[in-house]
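J.: This is the structure I have questions about; it appears just below.
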Amino acid sequence: MPSSKHKRSVLLINPKWRQLTEPYEHLGLGYLAACLRQSGINTIIWDMLLMGSDAGQIAEKVQQEQVGLIGVSITFQQSATEVLAKIRQLKELTQVPLVVGGIYPTFAAQELMTLCPEIDYIVKGEGEETLPELVHTLFAGGDVKKVPGLLGRTGATLWESPDRPSAAKLDELPWPARDTLPQILEKTGCASILSSRGCYGRCSFCSVDAFFSRFGPKMRLRSAGDVLAEMEYLQKEYGVKNFAFNDAEFIGSKGRGRARAKEIAEGILARGWQIQFSIQCRVNDVEEELFTLLKKAGLRKVFLGVESGSQAVLDRFQKDATVEENLKALKILADLDIFVAMGFIMFDDRTSFNELAENMQFLQQVRAVTGKAYLAKVDPVSKVLPFAGTSVEARLKEEKRYRGNSLAFDYAIKDPLVEVLYRLLCLFTNISRRVKVWRGQSVYREYDWETGDIKH
Ligand code: B12
Ligand SMILES: C[S@@+](CC[C@H](N)C(=O)[O-])C[C@H]1O[C@@H](n2cnc3c(N)ncnc32)[C@H](O)[C@@H]1O
Ligand code: SF4
């Protein structure tokens, strides 16, 4: 491998993916950049959606800044084929050592290292401690095999160091670097912020729980004080008015989680901030009193993991929620005029006609209970994706029904008639989406931060 001795910078890349139409702030890279800079390493963030994806241009930057390590984040498993192609180009042009990280690479580490010899290292788990340690060791010509949390290669041999436990106290991490925020604000009007890591749920299809449970506590919360201080900084420094909480589960468990959410809402109100924000949470978090307070504080939009209108399916997904709780949460949010985007999964490998009928009936009930206006559209062909690291993936592999590899996977639904119905629905949905796009109509229904209207 080419030597990185005497090099002094790190370039962190948020890659492009065809399916991503709007740029977003990659907070993971923001945290990594903050930690690298804190440890004295010059760090550049290259966001391909904002700065372009031309490998030649990136290679020029690598040379100008004396970059000794390129870091690439693979956030979405389905983007991996595209990202690997870019990694190959970059390696050919720069010959600089390259490290990859993220939830998906953590679980598909061996496979990715084998499929893509251009990757030199994969960081397993959170990168805030591992990456600076790797960089300092590499730049000093030390033994990188001694750095915990890595998979690496020496010649044709792969090696792996022990997992590194995740950072214990989130309040002790530096706030993420905000290099891309001004451009993002111009394009979307909204800043991202992260108030926790992990989730107290255990859904069979979700890689969030798999990832955080592997390296430490299932869920960690930042203190309300630290979150409010970062929100104040973002308002003062960047003029942020709209915040998207990136937390997979903003509220957290009963007790401490609920108390912290209340403290954040009360903190916003006490400071008299005129702000708006969005969160993601579980249905059983939605309590009238707490959400009335959150609404007063500026909560306008909730991504809610409803998943199904069939109790059998909810149980199969290990959702630990009931159909009644789904309806109750939707009603509370609709009554408070909070826009809801439902996480809904119509199909999995064991879907039956009866369950589909239960879903249809449920969605009708939802419309009756909530009125249409404050709901995002449900994707009729949403299907469980067997993401790396999830128990769904493990089971499909065990049953020898997982086809392909983590870059291109598929599985058939057990009931052949449901499988046929699913394929037909995919076809019709695809055609209808294309017609809508051709007519200039929107495929999605979204909340408009500026006007408070629903964009169709
Ligand atoms: C906010 C969010 C979004 C936002 C913005 C994404 C972003 N990255 O900020 C948006 C709205 C764009 C989004 C969209 C989608 N998302 Co999303 N999203 C999230 C969420 C909830 C938080 C991301 C985040 O801020 N993480 C916090 C930072 C600190 O963590 P991180 O980025 O993982 O980085 C850390 C480590 O992973 C590691 N690391 C990461 N990169 C690198 C790189 C290097 C070099 C190193 C060393 C380390 C390293 O170190 C970082 C610091 O510790 C995650 C779940 C989660 N908790 O991660 C899902 C998640 C990433 N999304 C997911 C999915 C599936 C989607 C969609 C495809 C859903 C859909 N069907 O539409 C879409 C994508 C595309 C589209 N069509 O729009 C899945 C991906 C699963 C997978 N394995 O592929 C996740 C994991 C959720 C899940 N339940 O499984 N998402
Ligand atoms: C962050 S959660 C939503 C909020 C909250 N954590 C919850 O589950 O109630 C992300 C959503 O993405 C969808 N999702 C996650 N993993 C998926 C997978 N493997 N296949 C299909 N959909 C998935 C689910 O609808 C899930 O509700
Ligand atoms: S509640 Fe949401 S974030 Fe938590 S494990 Fe389930 S799907 Fe994942």
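The values are calculated or read from the model by the stated rules, or taken from the named source; none is laboratory data. Just so we're clear, the structure is a prediction, and the values are computed from it rather than from any experiment. Quick reminder, even Gly has a Cβ in these numbers, built from the backbone with ideal geometry, and neighbours come from all protein chains shown.
J.: Based on this model, can you work out whether L333 counts as buried (at least 22 other Cβ atoms within 10 Å of the Cβ), in the same structural domain as A210 (by TED's automatic domain parsing) and within 16 Å of ligand 1 (Cβ to nearest atom)? Before the answer, list the steps.
T.: Working: buried (at least 22 other Cβ atoms within 10 Å of the Cβ): yes; in the same structural domain as A210 (by TED's automatic domain parsing): yes; within 16 Å of ligand 1 (Cβ to nearest atom): no.
Taking the combined requirement at face value, the residue does not satisfy it.
J.: Say whether the condition of being modelled with pLDDT under 95, within 13 Å of ligand 2 (Cβ to nearest atom) and not in a helix (DSSP H, G or I) is met by at least one residue in the stretch 327-341.
T.: yes
J.: Right, next: If the requirement is being crowded, with 17+ Cβ neighbours inside 10 Å, within 16 Å of ligand 1 (Cβ to nearest atom) and either without any contact (Cβ under 8 Å) to a residue 60 or more places away in the chain or over 19 Å from the mean Cα position of the chain (by Cα) (or both), which of these qualifies: A210, A224, A244? Lay out the reasoning, then the answer.
T.: Values: A210 fails: either without any contact (Cβ under 8 Å) to a residue 60 or more places away in the chain or over 19 Å from the mean Cα position of the chain (by Cα) (or both); A224 fails: within 16 Å of ligand 1 (Cβ to nearest atom).
Only one candidate qualifies: A244.
J.: Restricting attention to the stretch 152-160, does a residue exist that is within 28 Å of V67 (Cα to Cα) and part of a loop (DSSP other than H, G, I, E, B)? Working first, answer last.
T.: Taking the stretch 152-160 as the starting set, the residues that turn out to be within 28 Å of V67 (Cα to Cα) are 152-160.
Retained after the next criterion (residues that are part of a loop (DSSP other than H, G, I, E, B)): 155-156.
Within the stretch 152-160 (the criterion being within 28 Å of V67 (Cα to Cα) and part of a loop (DSSP other than H, G, I, E, B)), the answer is yes, since at least one residue qualifies.
J.: Out of curiosity, is Y24 touching a Ser or Thr at 6+ places or on another chain (Cβ under 9 Å) and at pLDDT below 95? Give the derivation first.
T.: Numbers: touching a Ser or Thr at 6+ places or on another chain (Cβ under 9 Å): yes; at pLDDT below 95: yes.
The answer is yes for Y24.
J.: In addition: So, of the residues in the stretch 254-276 that are of a type in the set (A, V, I, L, M, F, W, C) and not in a helix (DSSP H, G or I), which turns out to be nearest to ligand 2 (Cβ to nearest atom)?
T.: The first filter runs over the stretch 254-276 and keeps only residues of a type in the set (A, V, I, L, M, F, W, C), leaving 259, 261, 264-265, 268-270, 273, 275.
Filter once more, keeping what is not in a helix (DSSP H, G or I): 273, 275.
Details: W273: 25, I275: 22 Å.
So, considering only residues that are of a type in the set (A, V, I, L, M, F, W, C) and not in a helix (DSSP H, G or I), the one nearest to ligand 2 (Cβ to nearest atom) is I275.
J.: To continue, here is another question. Can you say whether F215 is within 16 Å of the chain's Cα centre (by Cα), at pLDDT 95 or above and within 11 Å of ligand 1 (Cβ to nearest atom), as far as the supplied structure shows? Before the answer, list the steps.
T.: Details: within 16 Å of the chain's Cα centre (by Cα): no; at pLDDT 95 or above: yes; within 11 Å of ligand 1 (Cβ to nearest atom): yes.
The answer is no for F215.
J.: Please enumerate the residues belonging to the stretch 178-190 that are buried (at least 22 other Cβ atoms within 10 Å of the Cβ) and not in a loop (DSSP other than H, G, I, E, B).
T.: I184
J.: Okay, next question. How many residues does the stretch 282-326 hold that are assigned to a strand (DSSP E or B) and within 16 Å of ligand 1 (Cβ to nearest atom)? Talk me through it step by step, then tell me what you get.
T.: First pass over the stretch 282-326, keeping only residues assigned to a strand (DSSP E or B): 299-307.
This time we only want the ones that are within 16 Å of ligand 1 (Cβ to nearest atom), so: 300-307.
The total comes to 8.
J.: Now for a separate question. For the condition within 16 Å of ligand 3 (Cβ to nearest atom), among the aliphatic types (A, V, I, L, M), in a strand (DSSP E or B) and surrounded by 17 or more Cβ atoms within 10 Å (Cβ to Cβ), what is the one hit in I279, I251?
T.: Working: I251 fails: in a strand (DSSP E or B).
Criteria check complete, one pass: I279.
J.: Got at least one residue in the stretch 257-266 being modelled with pLDDT under 95 and basic (K, R)? Let's see the steps before the verdict.
T.: Filtering the stretch 257-266 for residues modelled with pLDDT under 95 gives none.
Within the stretch 257-266 (the criterion being modelled with pLDDT under 95 and basic (K, R)), the answer is no, since none of the residues qualifies.
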